[in-house]
Structure formats: structure tokens, C-alpha cells
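Heads up: the structure comes next, in C-alpha cells.
The values are calculated or read from the model by the stated rules, or taken from the named source; none is laboratory data. These numbers come from a predicted model, not from an experiment. As a convention, Cβ positions derive from the backbone with ideal geometry for all residues, glycine included, and neighbour counts pool all protein chains shown. Heads up: the accessible areas ignore ligands, DNA and RNA and are worked out on the full protein's heavy atoms, side chains in. Shrake-Rupley method; radii C 1.70, N 1.55, O 1.52, S 1.80 Å.
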Amino acid sequence: MRQLLRQRGGVIGLVIVVLVLAVALFGPLLAPQQFDATDLLNAWAPPDAINPLGTDKLGRDIASRLIVGAQVSLTVGLSVVLITLVVGVSAGMLAGFLGGAADRLIMGTVDIVLAFPEVVLAILLAAILGPGIATVIAALSLVWWPGIARLTRSLVLVQREEAYVQAAIVCGSTTAKILWRHILPNIAAPLLVRASVGIGFIIMAEATLSFLGLGVQEPVPSWGGMIRDGLPVLRSDPMLAVSSSVVIGLTIIGFNLLGDGLRDALDPRLRGR
Amino acid sequence: MLAFILRRIASLIPVLAVALLVTFAAIHALPGDPVQVMLSDHSADKEMAARLRAEYGLDRPLPAQFVAYLGEIASGRFGLSFRYVHQPVADVLRDGLAISPLLAVAALAMALLIGIPAGVYAAIRRNRWQDTLLILLLVAGLSIPNFAVATFLVYALSVKLAALPVAGWGTWRQAILPVLVLAIPAGAYLARLTRTFMLEVLGQDFIRTARAKGLGPRLVIWRHAFRNTLLPLATSAGVIFGGLLSHTVVVETIFNIPGLGRLAIDSIFARDYPVAMAVVLLFVLFYAGINLLVDLFYLVIDPRVREGMGA
């Protein structure tokens with residue numbers, strides 16, 4: 001933590017991330033209006049005291065929808081990172097430690113998933129599973145775990161040859177105990193960095209799906225969907241598209257700066273650079 | 001060398017075969033009955049439905065449909081489109097086929113032209129304000145989703161300044177914004193990689209030797225240092241090209257460009273499974289082809305890889 005605070009970029013990232021988290025947690029209390037309250041007579045209203053960022057095509061308050069959109073983005077981002085960490089790390093550790101048939105089976109699956117371009121596979125899966133937050137999480141998890149499994153496997157392959165692992169094997173420790181108690185703590189740092197950098201990209205992927213109309217559906221707001229709604233009216237009412245673009249850009253910048261800071265702080269070779 | 005290429009292609013076959021099977025299963029798992037969509041107004045016409053089902057082979061069991069599909073791929077027709085009834089998928093794809101790769105190539109060229117000099121410059125000015133400013137710009141370029149970048153650029157350049165067309169396809173002016181939107185994150189990523197690789201090389205002994213010999217800074221940086229970053233950069237350029245290709249889906253949707261990516265989205269929404277499937281397969285093939293090219297580039301550029309192969 002002290003190392004992280006030494007990185008200027010990491011601190012900026014941390015501030016942004018904490019702010020977004022706070023908005024997602026407490027924002028609904030602060031939201032000026034109900035996010036799904038429509039008022040057709042007041043559609044595309046310019047910013048005023050009641051609607052600080054104006055309203056959309058159904059007269060819904062943009063600011064309130066951005067706040068609820070933060071909840072959606074973070075729910076998807078954090079869920080996918082957790083799921084892919086659990087699945088990817090387990091699969092990667094088993095493949096790397098056991099070798100043989102288990103390794104071939106797991107890495108064969110990984111190779112097949114990685115043969116598809118990420119965005120295309122996510123679109124395909126989202127289309128099959130149908131719209132909604134839960135299916136977006138499922139689709140993105142399916143796309144994301146192989147990368148983590150591959151990284152974990154390569155880390156485990158290095159650790160397996162270390163004396164402490166050989167000693168544990170000789171002492172008769174169970175495979176589960178060796179993986180969980182001995183190897184995992186030694187490979188946790190790079191995995192943590194990977195996960196923190198991943199959140200930003202997952203939030204971006206969720207927004208992309210929603211932007212294409214394959215993600216979170218109305219009336220639940222998502223930043224990607226709000227940009228899609230705002231693009232056709234950019235000339236007359238730019239507030240919707242521009243404000244949601246700013247919010248999503250800032251959020252992902254925050255997560256990426258935090259991830260970079262974390263990487264520099266955890267990697268002793270990069271210190272002092 | 002030829003043996004290596006053949007081995008490399010052979011190793012692709014099982015992956016491609018399973019990818020084909022997965023895509024087939026996935027597309028057939030998509031919700032909705034395409035025959036009902038095709039019939040639209042005549043949905044009560046049982047006879048017509050049966051005839052369409054027979055023409056498209058949808059009345060046969062799935063394994064038989066899969067075998068028939070393999071034949072369709074071999075013949076290059078990729079089956080019949082659901083949306084453009086009776087038309088082979090290949091005809092539907094033909095017009096858009098070149099657009100997505102063209103966009104991706106143009107974007108990669110732009111990203112290389114901007115990203116590499118920016119990365120080298122940041123490495124030379126390491127830890128000074130120019131470096132810090134560039135790093136901040138690069139994080140922003142990498143972080144802001146391409147459709148958000150597109151929103152800003154369209155708003156600033158097309159709506160406010162009226163300098164460029166908002167969308168469409170056909171003239172070179174209409175291609176500027178889509179290529180730029182694709183190139184920004186790719187260029188930022190390349191610049192970051194170049195900076196990292198350059199910093200690594202610049203810290204090595206042979207650079208100090210070159211400087212001590214009295215060589216000028218330009219010679220040391222481009223001839224000695226930059227050359228050694230080419231190999232890792234080439235690998236990354238391959239990965240980036242794959243990413244660019246799949247992001248054409250988004251950019252073509254934003255700018256209303258009739259390429260493969262938009263066709264994929266349109267056909268998924270229109271339940272035109274044969275077209276969607278062909279596009280996904282083409283993307284997988286492009287992707288595999290790029291990785292193959294990168295491996296071949298290794299052979300050409302690095303004598304160590306070439307020699308290691310013979311052993």
C-alpha cells in the first residue's frame with residue numbers, strides 16, 4: 001500500500017475508483033430523480049435545477065441514470081473478475097501442476113476459446129444467452145477465464161521446480177494443500193495485477209455489448225446503452241452521449257491507472273523507475 | 001522452412017475444426033425460429049414452411065445438417081442466407097468482405113506511424129514532463145472505449161466544425177474518422193510497449209559501448225536500440241491487428257459502414273444464422289492467419305529462431 005501511494009498515477013486511479021464505488025453504493029440516495037421515471041412532455045430537456053444533466057428521449061433524468069449505470073458497470077466488472085479468477089486460477093493450477101492428460105484437456109479448451117477474437121466471441125455468446133445483466137456476466141466470464149488460466153499455468157510451471165514445492169511433495173502433502181497453501185501465495189501478486197487491470201477492460205466490454213444492443217436492456221440503464229441512445233441526436237441534444245462517454249472514460253482510466261500503480265508497486269524490478 | 005510452415009498449419013487444423021463445431025452449435029442455440037421469421041406474414045402457411053425447411057435442410061437432424069454445412073464450406077457458398085431468401089451466403093458477404101480487413105490494415109498503419117515514434121520519444125525523455133504527459137495521454141487513449149472516442153470526434157469534427165462527414169462509406173473522407181477511432185487505442189498500446197522495450201534495451205551494455213565509441217544519439221537510438229525492439233513489437237502488432245479486426249464490428253456499426261462486422265450484428269438480430277456463422281468463421285480464420293504470419297515474420301527477422309528450427 002505504501003508503495004502504491006508513491007505512484008502518482010496509482011493515487012489518481014485509486015481516488016477515481018473510490019469515487020465511482022462510493023457513487024455506486026450511496027448514489028441511489030443522492031440521485032436527484034427516480035432513474036426510470038418517464039416524463040414524455042419533458043423529453044430532451046436541457047440541464048436545469050431538477051435535472052442537472054438534462055433528460056433523455058423519455059424525459060428520464062440523465063444524472064440519475066448515470067448513477068444507476070455505475071452500479072451496473074461495477075456489478076458486471078467485479079463479478080466477472082471474481083468468477084474468472086476462481087475458474088481461471090483453478091484450471092491453470094491444475095493444468096500446470098498435474099501435467100499430462102489434465103494439462104492437455106484444459107489447455108486444449110483454452111486454445112479453442114482463444115482462437116476466437118474476444119469481441120466477436122462475446123457478441124456471439126451474448127446473443128445466444130439473451131439480454132440481461134446475468135447473461136452479460138456469463139458471456140464475459142466465458143471469454144475471459146482462458147487468459148487467466150494460461151497466465152496461472154505458466155506461473156505454476158516455474159514454481160513447481162522450486163525446492164519448497166519438491167519438499168512438500170516429498171513430505172506427502174496432498175495436491176490440494178500444495179496448490180492452496182504453498183503455490184498460490186507465491187503467484188498471487190501477478191494474478192492480482194492482472195485482475196485489477198482486467199476490471200477496466202471488462203467494464204469496457206460490457207459497455208460495448210450494451211452499445212451494440214446485446215447487453216443490459218431497458219429500463220435498466222447502462223453507460224454503453226446510453227451512448228447508443230445519444231449518438232443519433234448528437235447534433236441537437238449532445239448531453240446524453242457526451243456525459244455518458246465522459247463518465248465511462250474516466251472510470252476505466254481510474255481502474256487502469258490503479259492497475260498500473262499496483263503492478264509497479266508489487267514488482268520490485270520496476271521500483272525507482 | 002517449408003516443413004515448419006506446414007507443421008504450423010497442421011497444428012491449426014484441430015483448433016479450427018473444434019471452433020467450427022462450437023460455432024455451429026452456438027449458432028443453432030440462438031433463440032427464435034428462422035423459418036417463422038422468413039415467413040413473417042404467411043406464418044400460418046404450413047406447406048410453405050415445410051418447403052422452406054426442406055430447401056434449407058432444417059428438417060434434417062443436426063449431425064446431418066453439420067455434414068451438409070461442411071460441404072457448403074468446401075464449395076465456398078457457405079449455405080443459403082435466411083434473410084435474403086434463396087441467396088448463397090457467399091453472395092451476401094462478397095461486398096463487405098474486403099472492408100473490415102481494409103479498415104484494420106489502415107488503422108494498424110496509422111497506429112504504427114504514431115505509436116512507435118511517440119514511444120521512442122517518451123523513452124528518450126524518460127521521467128521528464130514530456131514523458132509524463134505522453135503516459136497520461138496513452139492511458140486515456142487505451143481506456144476510453146472506441147464508441148466513446150467516436151462520440152467525441154463526431155461531435156467535435158463533424159457536428160461542431162462540419163469538417164468531416166458524420167457517417168457512411170464510399171469516399172476517403174468518410175474513412176478518416178473510423179480509421180482514427182480504431183487507431184487511437186492501438187497506437188496508445190503500441191507506444192506504451194515501444195517505451196517499455198526501449199527502456200529495457202537502452203539500459204544494456206552495448207548501448208553504453210556505442211555511446212562511448214562516440215556515435216551520435218540518432219544512430220544509437222535508431223540503429224542500435226530500436227532495432228532490438230522490432231521482434232517483440234512484431235508479435236504485439238499481430239495481436240493488435242486481431243483486436244482491430246474484431247473492433248471493426250463496433251466501428252462499422254457506429255459509422256454505418258457495410259462491412260463484415262456490421263453484417264454480423266445485423267444478421268444476429270435478423271436471425272440470419274448462416275450469415276452470422278460465416279462471418280464468425282471468417283474472423284477466426286483471419287485471426288489464425290495473422291498469428292501464422294507473425295510466426296513467419298520471426299523466421300525472417302531473427303536468425304536465432306531460424307537456426308533453432310533445424311535442430
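Values for this structure:
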read-out	value
Among A:I148, A:I227, A:P131 the positive-end extreme of the charge dipole of chain A (Cβ point charges)	A:I148
Förster radius 56 Å - calculated FRET efficiency between B:I5 and B:F152 (Cβ-Cβ, nearest 0.05)	0.80
Loop trypsin sites (Lys or Arg not before Pro), the stretch B:131-224 (other Cβ atoms within 10 Å of the site Cβ: 11 or fewer; DSSP)	B:K213
Förster radius 45 Å - calculated FRET efficiency between A:L40 and B:E47 (Cβ-Cβ, nearest 0.05)	0.50
Potential lengthening between B:L12 and B:D33 on full extension [0.36 nm per residue; Cα-Cα distance subtracted]	4.2 nm
Per-residue mean of C-beta atoms belonging to partner chains within 10 Å, peptide B:193-199	0
Inter-probe distance in nm under a simple model that places probes 7 Å from Cα toward Cβ, at A:V86 and B:I301	4.2
Over chain B, relative contact order from alpha-carbon pairs under 8 Å, at least 6 apart, %	25
Per-pair calculated FRET efficiency, R0 = 35 Å: A:V197 and A:Q217 via Cβ, rounded to 0.05	0.80
Whole-number D in µm² s⁻¹ for chain A, Kirkwood Cα-pair radius fed into Stokes-Einstein, 25 °C, 0.890 mPa s	120
Mean ellipticity per residue at 222 nm, deg cm²/dmol - from DSSP H runs of n ≥ 4 across the protein assembly as shown, formula -39500 (n - 2.57)	-24000 deg cm²/dmol
Fraction of alpha-carbon pairs over 29 Å apart in chain B - percent	52
Peptide A:245-252 - average C-beta neighbours from other chains (10 Å radius)	5
Modelled label reach - A:R160, point 7 Å along Cα→Cβ, the stretch A:90-109 residues with backbone N closer than 15 Å	A:90-108
Peptide B:148-154, shielding by other chains (average Cβ, 10 Å cutoff)	6
Cα-Cα pairs of the stretch B:99-258 separated by more than 22 Å (percent)	48
For the stretch B:26-94: accessible area per residue (Å², 1.4 Å)	58
Dimensionless Rg over Rh [the protein assembly as shown; C-alpha; Kirkwood]	0.98
Area buried, chain B against chain A - accessible surface, total, 1.4 angstrom probe, square angstrom	3600
Inter-probe distance in nm under a simple model that places probes 7 Å from Cα toward Cβ, at A:A134 and A:A49	4.4
A:F26 paired with B:A212, simple spin-label distance in nm, labels 7 Å along Cα-to-beta-carbon	6.0
